[in-house]
Amino acid sequence: AVPRTRILATGGASHNKTILQVLSDVFNAPVYTIDTANSACLGSAYRAIHGLVAERNVSLADVVKSAAEPRLAVTPTAGAEEV
């Protein structure tokens, strides 16, 4: 089974529920947020850690599993995908 798409929003716009709702409706996917300072660098930091442990065959999923769990912010509006 293919996992359902979800969007992870970070940074300043992630505090604007209206923007998050538009994202959710356009992509027909739930939007999650995380409270992390300097979140724009977060993905790069995880990839760097993954590179450092690559010779030990550690997966990226294992690297990020200790990260804070994102919180559900909004879900798609019913029928929005038809618009």
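The values are calculated or read from the model by the stated rules, or taken from the named source; none is laboratory data. Remember, it's a predicted structure, so these values are computed and weren't measured experimentally. Don't worry about glycine lacking a Cβ; one is built from the backbone with ideal geometry, like all the others, and counts go over all protein chains shown. Ligands, DNA and RNA are stripped out before the accessible areas are found, and what is left, the full protein with its side chains, is counted by its heavy atoms. Shrake-Rupley method; radii C 1.70, N 1.55, O 1.52, S 1.80 Å.
Values computed for the structure shown
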| read-out | value |
| --- | --- |
| Environment charge at SER59 (Cβ cut-off 14 Å; Lys +1, Arg +1, Asp -1, Glu -1) | +1 |
| Helix axis angle, 42-52 relative to the chain longest principal axis, alpha carbon, degrees | 30 degrees |
| Cα-based Rg / Dmax (Å) for the chain | 15.2, 48 |
| Unit charges on C-beta of K, R, D, E only; dipole of the range 7-74, Debye | 40 debye |
| Candidates ASN57, ASN16, ASN28: whichever shows maximal mean-square fluctuation once the chain is modelled as a Gaussian network with Cα springs under 10 Å | ASN57 |
| In the range 1-75, the trypsin sites (Lys or Arg not before Pro) that fall in loop regions by DSSP, at most 15 other Cβ within 10 Å | ARG4, ARG6, LYS65 |
| Farthest toward positive dipole pole in the chain [+1 Lys/Arg, -1 Asp/Glu at C-beta], among GLY51, GLY12, VAL31 | GLY51 |
| Probe 1.4 Å, protein heavy atoms only - accessible area per residue of the chain in square angstrom | 73 Å² |
| Crossing angle, helix 17-27 versus the chain [Cα axis fit, 0-90 degrees, rounded to tens] | 90 degrees |
| Accessible surface of the chain [probe 1.4 Å, protein heavy atoms]: carbon and sulfur percent | 57 percent |
